[in-house]
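Below: the structure, in structure tokens.
The values are calculated or read from the model by the stated rules, or taken from the named source; none is laboratory data. Remember, predicted model here, so these are calculated numbers, not experimental data. Quick reminder, even Gly has a Cβ in these numbers, built from the backbone with ideal geometry, and neighbours come from all protein chains shown.
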Amino acid sequence: MDYRLDLDWDDFLQRYWQKRPVVLKRGFKNFIDPLSPDELAGLAMENDVDSRLISHHDGHWQVAHGPFENFDHLGENNWSLLVQAVNHWHQPSSALMRPFRQLPDWRMDDLMVSFSMPGGGVGPHLDQYDVFIIQGVGRRRWRVGEKVPMKQYIPHPDLLQVEPFGAIIDEEMEPGDILYIPPGFPHEGYALENALNYSVGFRAPNGRELISDFADYVLAHDLGSRRYSDPDIKLRELPADVLPHEVDTLRQMMLELVQQPQHFQQWFGEFISQSRHELDIAPLEPPYQISEIYQLLQQGESLQRLGGLRVLRIGGQCFINGEVIDTDHLPAVDALCHNFSVDAALLGEAVDDPSFMALLAMLVNSGYWYFTH
């Protein structure tokens with residue numbers, strides 16, 4: 001399915017992105033759901049898939065985590081099934097992410113899909129990331145409030161909600177409608193009838209995550225081993241004092257680690273190209289020989305990228321699922337980074353280089369790309 005998004009991106013980025021929520025009526029015209037509620041329920045029964053069941057009755061909220069064995073015990077209203085990273089597990093659903101590639105790949109996260117019975121939702125809450133919520137089959141009412149300081153509370157150990165709020169958006173959404181919500185705007189949605197929703201979420205790492213992961217990189221690569229030294233130390237009146245220039249020197253030692261462009265780029269590429277959810281990786285048994293891959297490409301076969309695989313370029317380097325890929329064939333790397341499907345024409349002269357083909361064979365045999373035949 002080729003989803004065409006009816007959106008003036010320049011206008012949207014200038015007026016709304018990270019500024020104001022907005023409903024994009026019929027953003028997808030003649031919208032067709034890429035999966036059915038039964039298929040979503042099937043995914044929620046899988047071990048590697050992250051899923052939740054959220055229900056509320058008489059003000060009491062319940063949360064259960066998958067995998068689920070069945071859904072027979074559920075009533076006719078007030079519950080939602082939410083499945084994360086559906087784009088990793090269901091190829092037709094991953095097509096819903098592509099119209100949003102006007103925004104950078106590294107900022108995009110995953111596709112969360114929810115099925116709700118009438119009254120089903122997760123309650124009023126805040127998110128710390130941007131999200132586009134696409135209405136599938138059914139209707140759902142969404143309310144969005146102004147971005148003001150709000151007290152959060154925990155009605156259940158797995159839920160964080162906010163107090164009731166006044167709405168600046170209050171709209172019934174129908175198939176193909178899209179609600180964009182920037183970080184920090186309170187919102188709640190509940191189904192008016194059996195409804196599917198698709199949430200294209202974005203990544204926004206905070207400083208704590210960055211420093212924590214960078215520290216792991218420093219340890220793994222044995223960096224920062226230079227010790228503090230003070231050959232020009234002076235006598236001081238009060239031995240308990242730590243002097244300002246000493247604190248500055250210590251801070252500078254830490255900053256020097258971050259300010260090495262090569263290491264910072266290498267760390268960030270590894271960090272940001274890792275998916276936060278499991279991938280549907282199936283390493284090939286028996287593996288392809290390089291000659292087989294060469295022959296299939298020459299016969300016109302295409303290689304398809306695994307759903308949810310993060311393939312990013314920083315400078316001249318390509319990072320795939322947390323690893324850097326070293327090759328001199330930059331046009332072929334560009335083809336792998338920018339296209340979901342590649343063939344011999346896109347890879348160009350690289351297919352005649354045994355070292356590149358060995359690299360490609362490693363990627364295919366790891367399950368990152370696969371032949372579509």
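Any chance you could count how many residues in the range 88-102 are among the polar types (S, T, N, Q) and either farther than 12 Å from residue 34 by Cα or without any contact (Cβ under 8 Å) to a residue 60 or more places away in the chain (or both)?
Matching residues across the range 88-102 total 1.
Of all residues in the range 55-97, which are polar (S, T, N, Q) and in contact with a Phe, Trp or Tyr (Cβ under 6 Å, 6 or more places away or on another chain)?
Across the range 55-97, the qualifying residue is only 55.
So which of 113, 131, 144 is under 22 Å from residue 27 (Cα atoms), among the aliphatic types (A, V, I, L, M) and over 16 Å from the mean Cα position of the chain (by Cα)?
When all the criteria are applied, what remains is 144.
Residues that are touching a Leu at 6+ places or on another chain (Cβ under 6 Å): find the strands (runs of 3 or more DSSP E) completely inside the range 46-137 holding 2 or more of those.
51-57, 60-65, 79-83, 108-116
Restricting the search to the range 52-102, which residues are within 18 Å of residue 195 (Cα to Cα) and aliphatic (A, V, I, L, M)?
53, 54, 74, 81, 82, 83, 86, 96
Does residue 104 count as of a type outside the set (Phe, Trp, Tyr) and either more than 27 Å from residue 206 (Cβ to Cβ) or modelled with pLDDT under 95 (or both)?
no
Quick one: in the range 22-43, which of the residues that are part of a loop (DSSP other than H, G, I, E, B) and buried (at least 20 other Cβ atoms within 10 Å of the Cβ) is farthest from the chain's Cα centre (by Cα)?
Once the filter is applied, the top-ranked residue is 31.
Hey, among 169, 154, which residue is surrounded by 16 or more Cβ atoms within 10 Å (Cβ to Cβ), over 19 Å from residue 37 (Cβ atoms), out of contact with any Asp or Glu (no Cβ under 9 Å at 6 or more places or on another chain) and β-branched (Val, Ile, Thr)?
Criteria check complete, one pass: 169.
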